[in-house]
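The values are calculated or read from the model by the stated rules, or taken from the named source; none is laboratory data. Note that the structure is predicted; figures quoted are calculated from it, not measured. Cβ sites come from the backbone with ideal geometry, for glycine too, and all protein chains shown count toward neighbours. Remember, those area values only see protein heavy atoms, side chains included, never the ligands or the DNA or RNA. Shrake-Rupley method; radii C 1.70, N 1.55, O 1.52, S 1.80 Å.
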Amino acid sequence: MLSIVVTPIGNLGDITYRAVLTLKNADVVYCEDTRRSAVLFARYGITAPVRVYEKFGEARAAETIIGELRRGKNVALVSDAGTPLVSDPGGVLVSALIREGLEYTVVGSGCAAISALVLSGMDMSAFCFAGFLPEKNADRRRTMDRFRDLRATLVFYVAPHDLIGTLKYLADELGNRRAALVREISKLHEEVVRFVLPDIPSETEIRGEMVLVVEGAPAPGEALCGLTAEEHVAHYMEQGMSEKDAMKAAARDRGVSKSEIYSALVGSRAGNVDRNGAL
C-alpha cells in the first residue's frame, strides 16, 4: 500500500509515532526534496531508500510507484513539510491509483477534513470546509447560498443517521455532483466510497465517523457542455448574442474550433430536415 505521510511543518517533534513507524518500515520513500527530508529522517533513524517525487516528474514517478505497489512493496510519500497534495505534489499519483483500483492511506494527520480530502481523490487546488449542515431548513438554505456556486471542493461533516437525508438534500441543492464518503479515517475499517449524489451504493456501511467530500460547482461553460452543440449555441443566442458570437462562445466552452461547432449545427439541421421530410 501507499502511505501518504504527514510530516511536521516546523518543530520536528510534532510528527506522530505511527508516521515514524510507517517511514521506518517503508521499502522506499518518495520525497519532494530528499535533502529536506534527510534532516527529519536523521532525527528519527529512518533509513529507508529515498527517491525524488517532484511536481514536474509526477507522471513518470506515478508509473514507477504503481509498479512497485503491484510487486508488493510498501511505499511512502512525503512533502517537504505538512500534508502532500495540499499545494504540494501527489495529485497525479492519487488519480492514477484510483484509476488502477489501488488503495492508499493517510498517516499522521490530525484533521479529519484534510485527511478526507486527500483520501477522496477530489480536486485540492481549492477547497472549503462547510462542517455540519444546520438542522433548520431556513439556516440550511442560507448555508447553501454561500456554497452552491463555489468552484471549490466542499467538505461536510455528517452523522450516520443523517447521511441519506443529507445526500438527497445536497443533490437537490447542488445537482448530481461527484462525491466521496470517507469513513473511519486512520482506523482498521477505513473506507472511501465514491459515487454521484445522491446515489450512494446500497451496500455501503453507514456507521462510524464520516466526512462527505463533494466536487465544487462547474464553471459556467462546463455546465453547458452537457447540451448538444445546437442547444449550446441557442442558449447564448437567447441571451442576445448573434449566431456567430454564440458559436464562438460555445466553441470556447468546449475547447474546439468554431468550424467544428458550425459543422455540428449543419449536421443537426440537416437531420431535422430529413426527419421533417419523412413526416
Quick tally, 1.4 Å probe accessible area for 200, 65, sorted with the most first, runs 200, 65
Check: C-alpha center the range 1-20 vs C-alpha center the range 157-199, spacing in Å is 28
Rounded accessible area per residue of the chain, 1.4 Å, Å² = 54
Exposure rank, largest accessible area first [169, 30; 1.4 Å] = 169, 30
Between (i) 0.97; (ii) 0.94; (iii) 1.08, which matches Rg/Rh (Cα atoms, Kirkwood Rh) calculated for the structure shown?
-> (iii)
Taking only Cα atoms and a 10 Å spring cutoff, compute GNM fluctuations for the chain and point out the largest among 240, 57, 67.
-> 240
Protein accessible area in the chain, 1.4 Å probe - carbon and sulfur % | 50
Taking all protein chains together and a probe of 1.4 Å, list 98, 9 from the most accessible to the least accessible.
-> 9, 98
Might you work out the accessible area of residue 228 for me, using a 1.4 Å probe with all protein chains in place, and round it to the nearest 10 Å²?
-> 70
Rounded to the nearest 10 Å², the accessible area of residue 172 at probe 1.4 Å = 130
Farthest toward positive dipole pole in the range 94-153 [+1 Lys/Arg, -1 Asp/Glu at C-beta], among 127, 143, 112 = 143
Along the range 238-255, Karplus-curve 3J(HN,Hα) (6.51, -1.76, 1.60; θ = phi - 60°) to the nearest Hz, with x for Gly and Pro, reads 5, 8, x, 6, 6, 4, 4, 5, 5, 5, 4, 5, 5, 5, 5, 4, 8, x
In deg cm²/dmol and to the nearest 500, what is the mean residue ellipticity at 222 nm of the chain if only DSSP H runs of at least 4 residues count, each as -39500 (n - 2.57), divided by the residue total?
-> -13500 deg cm²/dmol
